């Protein structure tokens, strides 16, 4: 067999129904790479410490799967793979107890997504819940934070739409394979998310939105974020699973207090009793995170700055790409970027990648 990109083997292993975090750890810990794991015989594979049933099932599964073709299927749907071994794996998510080994991604994740707030709530929301979600999320998005939610009906959808309305980044985390959008009624929102954000899942293509997959999905929503905002949720709502994961992951919980006679206020109100921070506006969250809330309009002052603004308006770029587009010497571009950084007009994201300061 010809050795192909490791992502193809990650795709093939991830499609095996019996794979889980513990099995991944054993396999990655024993074999030097997944190509050798895929090619191993039963005796070598058994030395990893996975169960006999896992090994037997895997060898039956392996006969039916071609890693390269499995990866080609993903590419057909515009899906990429980010693995826990990759440098661009989300930093916040990597810190949780059981981070997904493989993330399927449509759109793209960016370094600034490290500064994210999850916004989740009831599917059958009240006008109060919708308004609170919209206004608070818009304020968070305007401050430059990424909005993470689950694309569910109700307040999840409101959160995504609020971010989209401010042309901010937003990430939808699904409990199913990315060859389908669930719920289908939110496909138009999903399409808009992909213009400046990402849709991600740990589930392989073909996986439907099974009930048992949603709690695992919720740990990713909270894991990607600095904190979780709950706007409306019943006393036993699935939304509260996300809050529980956030507590385990040492994330801040924010909750919008609601009328005591509204059942959808029980979740947020009880969270506040347990120590969640009550919020009534975006500034409550931004101040808690230490983010400057005073609006500052950043404008170019020189032709050189205007040129940099135009180049970085649509995307963050490495200094080499910026230099290439300007047709100036790299030393000159470096000097311009340094001065703009001192003036708080651009931000260095690390690795010589720059973004506009919003």
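Based on this model, can you work out whether residue 323 counts as touching a helix residue (DSSP H, G or I) at 6+ places or on another chain (Cβ under 8 Å), outside the structural domain of residue 139 (by TED's automatic domain parsing), under 30 Å from residue 345 (Cα atoms) and modelled with pLDDT under 90?
Numbers: touching a helix residue (DSSP H, G or I) at 6+ places or on another chain (Cβ under 8 Å): yes; outside the structural domain of residue 139 (by TED's automatic domain parsing): yes; under 30 Å from residue 345 (Cα atoms): yes; modelled with pLDDT under 90: no.
When the stated conditions are applied, residue 323 does not pass them.
Would you be able to tell me the number of residues in the range 85-99 that are under 20 Å from residue 30 (Cβ atoms) and in contact with a helix residue (DSSP H, G or I) (Cβ under 7 Å, 6 or more places away or on another chain)?
Selection size over the range 85-99: 2.
Yes or no, residue by residue, for (1) buried (at least 17 other Cβ atoms within 10 Å of the Cβ); (2) under 21 Å from residue 231 (Cβ atoms):
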site	(1), (2)
92	yes, no
96	yes, no
100	yes, no
107	yes, no
110	yes, no
117	yes, yes
120	yes, yes
124	no, yes
127	no, yes
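Scan the range 151-166 and tell me whether some residue there is modelled with pLDDT under 95, surrounded by fewer than 24 Cβ atoms within 10 Å (Cβ to Cβ) and touching a helix residue (DSSP H, G or I) at 6+ places or on another chain (Cβ under 6 Å).
Yes, there is a match, as at least one residue in the range 151-166 is modelled with pLDDT under 95, surrounded by fewer than 24 Cβ atoms within 10 Å (Cβ to Cβ) and touching a helix residue (DSSP H, G or I) at 6+ places or on another chain (Cβ under 6 Å).
Considering only residues that are over 16 Å from residue 149 (Cβ atoms) and in a loop (DSSP other than H, G, I, E, B), which ones fall in the range 203-213? Talk me through it step by step, then tell me what you get.
Keep residues of the range 203-213 that are over 16 Å from residue 149 (Cβ atoms), which gives 203-208, 210-213.
Matches in the range 203-213: 203, 204, 205, 206, 207, 208, 210.
In this structure, does residue 274 turn out to be over 19 Å from the mean Cα position of the chain (by Cα) and in the same structural domain as residue 156 (by TED's automatic domain parsing)? Full working, then the answer.
Working: over 19 Å from the mean Cα position of the chain (by Cα): yes; in the same structural domain as residue 156 (by TED's automatic domain parsing): yes.
When the stated conditions are applied, residue 274 passes them.
Is the range 169-179 home to any residue that is farther than 29 Å from residue 19 by Cβ, surrounded by fewer than 23 Cβ atoms within 10 Å (Cβ to Cβ) and touching a strand residue (DSSP E or B) at 6+ places or on another chain (Cβ under 8 Å)?
no
Read through the list (1) over 26 Å from residue 176 (Cβ atoms); (2) assigned to a strand (DSSP E or B), then give the number of the only condition that residue 56 fails.
The failed condition is (2).
Looking at residue 103 and the list (1) in a helix (DSSP H, G or I); (2) modelled with pLDDT of 95 or more; (3) touching a strand residue (DSSP E or B) at 6+ places or on another chain (Cβ under 7 Å), which single condition is not satisfied?
(1) is the only condition that residue 103 fails.
Here is a check on your reading of the model: is residue 79 closer than 15 Å to residue 8 by Cα and touching a helix residue (DSSP H, G or I) at 6+ places or on another chain (Cβ under 7 Å)?
Working: closer than 15 Å to residue 8 by Cα: yes; touching a helix residue (DSSP H, G or I) at 6+ places or on another chain (Cβ under 7 Å): no.
Judged against the criteria, residue 79 is not a match.
Would you pick out the residues in the range 306-320 that are touching a strand residue (DSSP E or B) at 6+ places or on another chain (Cβ under 6 Å) and either outside the structural domain of residue 343 (by TED's automatic domain parsing) or surrounded by 15 or more Cβ atoms within 10 Å (Cβ to Cβ) (or both)?
312, 316
Select from the range 126-147 the residues that are farther than 22 Å from residue 264 by Cα and part of a loop (DSSP other than H, G, I, E, B) and list them in ascending order.
Listed by number, the residues that qualify are 143, 144, 145.
Within the range 220-253, track down each residue that is touching a residue at least 40 places away in the same chain (Cβ under 8 Å) and more than 17 Å from residue 93 (Cα to Cα).
229, 230, 231, 232, 233, 234, 237, 239
Of the residues 61, 54, 10, 31, which single one is outside the structural domain of residue 179 (by TED's automatic domain parsing), buried (at least 18 other Cβ atoms within 10 Å of the Cβ), touching a residue at least 24 places away in the same chain (Cβ under 8 Å) and over 26 Å from residue 199 (Cβ atoms)?
Answer to the selection: 54.
Within the range 66-86, does at least one residue satisfy the condition of being assigned to a helix (DSSP H, G or I), over 25 Å from the mean Cα position of the chain (by Cα) and at pLDDT below 90?
Applying the first criterion (assigned to a helix (DSSP H, G or I)) to the range 66-86 yields 67-76.
Next, only the ones that are over 25 Å from the mean Cα position of the chain (by Cα) stay: 67-69.
When the remaining residues are screened for being at pLDDT below 90, the result is none.
Within the range 66-86 (the criterion being assigned to a helix (DSSP H, G or I), over 25 Å from the mean Cα position of the chain (by Cα) and at pLDDT below 90), the answer is no, since none of the residues qualifies.
Which one of these does residue 123 not meet: (1) closer than 18 Å to residue 264 by Cα; (2) in contact with a strand residue (DSSP E or B) (Cβ under 8 Å, 6 or more places away or on another chain)?
All conditions pass for residue 123, except number (2).
The values are calculated or read from the model by the stated rules, or taken from the named source; none is laboratory data. Because the structure is predicted, anything quoted here is derived from the model rather than measured. FYI the Cβ positions are ideal-geometry reconstructions off the backbone, even for glycines, and counts take in every protein chain you see.
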